[in-house]
Amino acid sequence: MFPRLTKRLEKAAQSPHAQGVLALVAFLESSVFPVPAEVILVPMCLSHPPKSLRYASLTAAASVLGGIFGWMIGHYLFGLVAAPLLTFWHAMPAFEALKAETGMGMILVLLLTSGLAHLPPMKVVTILAGAVGFNLWLFILAAIVARGGKFLLMGWALQRYGAPLAEALAKRMALVAGIVSVGVIVALGVKFYG
């Protein structure tokens with residue numbers, strides 16, 4: 001979507017400031033930035049496999065903090081910040097559709113799927129969660145599970161098996177998110193209707 005920016009970030013993975021750039025990208029990607037943190041995380045892990053879990057932990061922590069920032073934008077600054085951002089990213093129609101049809105259980109599912117596989121983009125879900133007043137503590141827990149699980153699994157896989165497995169894992173992340181979503185929907189259905 002943004003090939004020049006993506007290339008610059010891939011190049012930043014080799015710089016002395018790579019960890020700071022990684023943390024910044026992970027933070028911003030969860031609230032306002034269009035390029036996923038994996039763009040810089042993967043090359044860093046492949047360049048220094050023994051540090052993969054460290055990089056993954058940094059990415060997870062920054063991503064969760066960025067998600068909290070996105071929640072706050074949605075909750076406290078929707079009209080001033082979130083609406084212009086969503087309009088700029090051409091995400092306002094999707095946001096409004098989600099908001100109109102989304103209950104708290106669905107927000108939780110969206111947090112998990114977007115945290116795992118960017119379906120829908122994490123920034124849209126974090127802002128939506130804040131805008132509808134989703135419980136902040138439950139939001140943080142879901143973000144830790146989804147983002148922490150994803151990045152730590154990627155870091156471990158990159159450290160242990162290298163690029164081939166990481167590529168396969170990245171391609172299958174949407175499938176994993178789908179399976180988790182179905183599981184959560186079934187569990188919520190059983191809890192509330194069964």
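Please treat every number below as a calculation from the coordinates, not as lab data. This is a predicted model, so every value here is computed, not measured. Neighbour counts run over all protein chains shown; Cβ positions are idealised from the backbone, glycine included.
Once you've got the Cα coordinates, tell me which of Lys99/Lys150; Lys11/Lys51; Lys123/Lys150 are over 21 Å apart.
Lys99/Lys150
Below 15 angstrom from the Cβ of Gly20, what's the summed charge of the other residues (Lys, Arg +1; Asp, Glu -1)?
Its environment carries a net charge of +3.
Give, as a single signed number, the net charge of other residues whose beta carbon lies under 14 Å from the beta carbon of Trp156, with Lys and Arg counted +1 and Asp and Glu -1.
Overall, the nearby charge balance is +4.
At q = 0.19, 0.22, 0.24 Å⁻¹, work out log10 I(q)/I(0) for the range 101-162 with the Debye formula, treating every Cα as an identical point scatterer and leaving solvent out; two decimals please.
For the requested q values the scattering log ratios are -0.64, -0.80, -0.91.
Would you work out the Kirkwood radius for the range 50-89? I mean one over the mean of 1/r across all pairs of different Cα atoms, in Å.
One over the average 1/r among Cα pairs gives 11.5 Å for the range 50-89.
Just add up the charged neighbours of Gly67: K/R +1, D/E -1, any other residue whose Cβ is under 10 Å from the Cβ of Gly67.
Neighbourhood net charge equals +1.
What relative contact order, as a whole-number percentage, does the range 1-113 give when Cα pairs under 8 Å and 6 or more residues apart are counted?
23
For the range 19-147, what does the convex hull of the Cα positions come to per residue, in cubic angstrom? Provide the component values of the computation, followed by the final result.
Values: hull volume 11.6 nm³, N = 129.
Once divided by residue count, the hull of the range 19-147 is 90 Å³.
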